[in-house]
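The values are calculated or read from the model by the stated rules, or taken from the named source; none is laboratory data. This is a predicted model, so every value here is computed, not measured. Note that we place each Cβ from the backbone using ideal geometry, even for glycine, and neighbour counts take in every protein chain shown. SASA here: full protein model, heavy atoms, side chains in, ligands and nucleic acids out. Shrake-Rupley method; radii C 1.70, N 1.55, O 1.52, S 1.80 Å.
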Amino acid sequence: MKRWEAYTLPLLATVALLLLWHWSVIWTHTSVFPRPVDVQRGVIELFSKGLLWGYTRDSLYRVGVGYGAAVLLGIPMGLVLGWYPTAAQTTNPVIQILRPISPLAWIPVSVLWFGVTDAAAIFLIFLASLFPIVLATMDGVHGAPGMFVDAGRNFGLSTPALLSRVVFPAALPRIIIGLRIALGVAWLVVVAAEMIAVDSGLGYLIIDSRNAGKRYHLVIAGMLLIGVIGLCLDTGIRQLEKFKFLRWGFYHE
Amino acid sequence: MAGMVQTTVRSKLSLTGLNMTFGHGNEVVDVLENIDLEVREGEFICLLGPSGCGKSTLLNIVGGFLKPSSGEVVIDGEPVRGPDPRRIFVFQERGVFPWLTVEGNIGFGLFRLSRQEKARRIAHYVELVGLQGFERAYPHELSGGMKQRVEVARALAVNPDMLFLDEPFGALDSITRLEMRRELLRIWRAERKTILFVTHDIEESVQLADRVVVMSTRPARIRNIMEINIPHPRDISSRRYLDLRDSIFEQIGLAHKI
């Protein structure tokens, strides 16, 4: 692909899609579904009322705390479960049963425990991010080359030192893939959680705009913002792969 | 035993009646059969044998990573119970930690030292293996030969008294391999370690070792132990060198005509 094509083609596709959207609304004579220009007006409206910043901040805060706690707990958990086969065997049935349950199925339980509060949403995000992180870390520990572990033992490292100085860095590229998946899931879950468990944030914006007078231009505006912020989060976490001490796990020169 | 005169060079390592089998029941593979070997302090020993004969298994047992099925490994009068920082195993260059810089790798085993002492040691071994200017480089930025130097330096930095090298130069091109042999001999003379070096390369063993332990195909037995009494630097076109090399070729049953 030539350089100019790399920019022009995606731009053309986007413009085509916007035009199709615009004309579809006009052709179908719908009175509810907004045109792109209405959505643009929606974004400006949210921005000028100061809601945009407040809701985004609330959503990011919940993801930050829930996801952060999952990272802090999930990585050590994954290291221990990956390192000690007995620990993995003991917890395996519980993990395997809990894992396929959608985080959304926990919404009623979460509201029961924490009420309609930030804590309910944070708990859901924590739960949703924990499993990908634990499983990726365990996987990374299993994939750590035996040669590195042998070398670590040869230099007289204790087990905790071996885990932190050899097993953890050896597993880090896979852990980061888990962190990336978990962040994507957390961002999906925060929207759903905010529709039910709290009364602020981008998920709340969407459901509230619909309930309070079917203001679909705001619904779509909220959706697009979620998409853009999600993309930014993913791009951000991908920057980790570029660290020099991690490059070996992602690029093979 | 004060006052007693020690007349022989101290035995560093002794292997007695070592056997190793892998597997269970009907699928048992004999890997090592009745290995006896004495190694003197400061000696450079090559374990020479065909690929897959079990010489790496032997090195892993001596290194404490595997337990033999029977027999005994004694180093400095003590039975070996596991890996020990006094004896460092050097893998092929794939053993360097890719997440650490050259400095980080060389300093890896120095966690008990003060910061100044650690920095001094790292600088010394960076220089010994000729990696000045690459201290902050990561392994993926280095060539195979340089990575191998990092691993040797990492091993030497903890001041072990034995080094176990498992076909360390096997993955390098032939020119780099020759350079690395010369480097290793220089380091060995400077640091006086006891070295066990596994190789399947006859020339390599005759160039490096004080004694070459020639092993058979699996199950590996010691076929013969050759004394290579040629002073270093060795002239690899001398009569003596060629005679010793050819006699090993014959013992292994290879005609050296292609």
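Rounded to the nearest 20 debye, what is the charge dipole size of the range A:36-250 about its Cα centre when +1 sits on each Lys and Arg Cβ and -1 on each Asp and Glu Cβ? Mind showing how you got there, number by number?
Values: 16 positive and 11 negative charges, 85 e Å.
That gives the range A:36-250 a dipole magnitude of about 400 debye.
Can you give the helix-only mean residue ellipticity at 222 nm for chain A, where every DSSP H stretch with n ≥ 4 adds -39500 (n - 2.57) and the sum goes over all residues, rounded to the nearest 500 deg cm²/dmol?
Helix-only estimate at 222 nm: -26500 deg cm²/dmol.
Any chance you could check the Cα centroid distance between the range B:199-224 and the range B:13-60 for me, in angstrom?
Taking the Cα centre of the range B:13-60 as reference, the centre of the range B:199-224 is 12 Å away.
Of the heavy-atom accessible surface of the range A:198-253 (probe 1.4 angstrom), what whole percent is carbon and sulfur?
For the range A:198-253, the apolar C and S fraction of the accessible surface comes to 63 percent.
Mind grabbing the accessible area of B:Leu185 for me, 1.4 Å probe, Å², rounded to tens?
Roll a 1.4 Å probe over it and B:Leu185 shows about 20 Å².
Give me the number: length gained by fully extending B:Arg182 to B:Ser14, i.e. 0.36 nm times residue separation minus the C-alpha to C-alpha distance, one decimal in nm. Could you put the intermediate results ahead of the total?
Values: separation 168, 0.36 × 168 = 60.48 nm, distance 2.76 nm.
Extra length available between B:Arg182 and B:Ser14 comes to 57.7 nm.
Which of the residues in the range B:125-152 show a loss of at least 10 Å² in accessible area from their chain by itself to the complete set of protein chains, at a probe of 1.4 Å?
B:Tyr138, B:His140, B:Glu141
From the square roots a ≥ b ≥ c of the eigenvalues of the alpha-carbon gyration tensor of chain B, which class results: rounded (a/c under 1.5), prolate (a/b over b/c), or oblate? Write out the running numbers ahead of the final one.
Details: a/c = 1.44, a/b = 1.27, b/c = 1.14.
Rounded, since a/c falls under 1.5.
Averaged over its residues, how many other protein chain Cβ atoms are within 10 Å of peptide A:144-154's Cβ atoms?
What the average comes to for A:144-154 is 6.
Gain in length, B:Gln132 to B:Ser237, computed as 0.36 nm per residue apart minus the alpha-carbon separation, to one decimal in nm? Each step should come with its number before you reach the end.
Values: separation 105, 0.36 × 105 = 37.80 nm, distance 3.36 nm.
That works out to 34.4 nm of additional length.
In Å² (nearest 100), what accessible area is buried between B and A, both sides summed, heavy protein atoms only, 1.4 Å probe? Display every interim value, and only then the final one.
On the way: alone 13450 and 14740 Å², together 26050 Å².
Chain pair B/A: roughly 2100 Å² of buried accessible area.
If you average the alpha carbon positions of the range B:123-175 and of the range A:26-52, how far apart do those two centres end up, in angstrom?
64
Would you mind telling me the antiparallel percentage of the DSSP bridges in the protein assembly as shown, rounded to 5?
50
How much of the calculated P(r) for the range A:36-250 lies past 20 Å, in percent of all Cα pairs?
Numbers: 14465 of 23005 pairs.
So the portion of pairs separated by more than 20 Å is 63 percent.
Specify the inter-centroid distance of the range A:61-116 and the range A:141-155, based on alpha-carbon positions, in whole Å.
Value for the Cα centre distance between the two parts: 28 Å.
Rounded to the nearest whole Å², what accessible area per residue is found for chain A with the 1.4 Å probe?
54
Using a 1.4 angstrom probe and counting only protein chains, how large is the accessible area of A:His142 in Å², to 10?
Surface accessible to solvent at A:His142 totals approximately 120 Å².
Given the options A:Pro169, A:Pro85, A:Pro76, which has the most mean-square fluctuation in a GNM of chain A, springs set between C-alpha atoms less than 10 angstrom apart?
In the Gaussian network model the winner is A:Pro85.
What part of the accessible area of the range B:94-159, given as a whole %, is carbon or sulfur when the probe is 1.4 angstrom?
The C+S portion of the solvent-accessible surface of the range B:94-159 is 48 percent.
Per residue, how much accessible area does the range B:94-159 have with a 1.4 Å probe, in Å²?
For the range B:94-159, the per-residue accessible area is 44 Å².
In square angstrom, rounded to the nearest 10, how much accessible surface does A:Trp106 have for a 1.4 Å probe?
50
Sort the range B:1-111 into rounded, prolate or oblate with this rule: let a ≥ b ≥ c be the square roots of the eigenvalues of the Cα gyration tensor; rounded if a/c is under 1.5, and if a/c is not under 1.5, prolate when a/b is larger than b/c, oblate otherwise.
In terms of gyration-tensor shape, oblate.
Using the Cα centre of the protein assembly as shown as origin and beta-carbon charges of +1 (Lys, Arg) and -1 (Asp, Glu), tell me which of A:Leu233, A:Trp106, B:Leu66 is placed farthest towards the positive end of the dipole.
Among A:Leu233, A:Trp106, B:Leu66, the one farthest towards the positive end of the dipole of the protein assembly as shown is A:Leu233.
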